[in-house]
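**Student:** Sharing a structure here in structure tokens format.
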Amino acid sequence: MNRTIFFLLTILFLLTGCAPSEENTKRRPIDHEVSVDAGEYTGRGSVFLTEEDAAVIVTARHLIADAEEKGMEEFKVTFSDHTEASAKILLIDEESDLCFIVVPRGEGKALSDSVAFPEEEKTLKEEDLVFLYDGKGEKHSGYLTALKTDAAGVGRDLMSFACSVKEGMSGCGIYNANGEYVGMLIAGDDEENALGVPADRIRDIYKQERRDEE
């Protein structure tokens with residue numbers, strides 16, 4: 001019960017605007033990361049893939065849940081070059097707190113070829129270094145504590161890692177020491193407790209959902 005309450009609170013912690021980061025953090029622009037504005041809440045997302053007529057972005061389901069319940073059908077996406085575009089929901093996976101939104105080709109930077117996901121699965125092990133970047137490009141460093149864990153009220157088959165995160169980082173990418181995308185942040189706090197969905201699970205869920213639609 002206490003674990004459930006903890007993770008629900010940490011999700012709420014990540015749903016508001018980005019707070020200033022520490023002075024000594026390093027800045028690095030991430031071309032494929034975007035800001036997602038869902039009305040009352042803002043967070044992050046990453047370009048998952050580009051298709052012939054659109055770009056697909058993956059973000060956190062809880063980020064847009066409230067707006068969707070209120071009838072909001074489009075969400076503002078801001079790319080790293082500050083161009084803006086409208087996105088609509090494509091797929092949702094409640095169990096893993098994933099939401100795929102789509103931006104039509106021709107809107108914003110969406111449709112460069114800058115995508116987050118590596119062509120090959122990246123191997124991780126406990127205590128590997130990981131890095132995240134908030135909406136201001138500030139770097140947050142940590143290390144992996146478990147490759148697979150379940151958290152009541154949040155999701156299953158999640159990676160857990162020790163890293164202090166800030167408000168507004170829900171949906172941001174998790175990167176390994178080589179700067180390769182290895183997952184997406186869905187819950188965390190400023191006391192170095194964080195959870196993410198592994199990149200391979202995100203990819204598998206997308207493929208399965210699309211197959212189910214056919």
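The values are calculated or read from the model by the stated rules, or taken from the named source; none is laboratory data. Predicted model only: the values in this text are computed from it and were never measured. Quick reminder, even Gly has a Cβ in these numbers, built from the backbone with ideal geometry, and neighbours come from all protein chains shown.
**Student:** Look at the range 106-161 and say how many of its residues are over 24 Å from residue 31 (Cβ atoms), at pLDDT 90 or above and not in a strand (DSSP E or B).
**Tutor:** 0
**Student:** Filter the range 170-183 for residues that are of a type in the set (A, V, I, L, M, F, W, C) and closer than 15 Å to residue 139 by Cα and give the result.
**Tutor:** If the condition is that a residue be of a type in the set (A, V, I, L, M, F, W, C) and closer than 15 Å to residue 139 by Cα, then 172, 174, 177 are the ones that fit.
**Student:** I've got another one for you. Among (1) of a type outside the set (A, V, I, L, M, F, W, C); (2) closer than 21 Å to residue 64 by Cβ; (3) free of Cβ contacts under 8 Å to residues at least 12 places away in the same chain, which single condition is residue 173 missing?
**Tutor:** Only one criterion is unmet by residue 173, namely (3).
**Student:** With the structure loaded, tell me whether residue 6 is at negative phi, of a type in the set (Phe, Trp, Tyr) and modelled with pLDDT under 75 or whether it fails that test.
**Tutor:** When the stated conditions are applied, residue 6 passes them.
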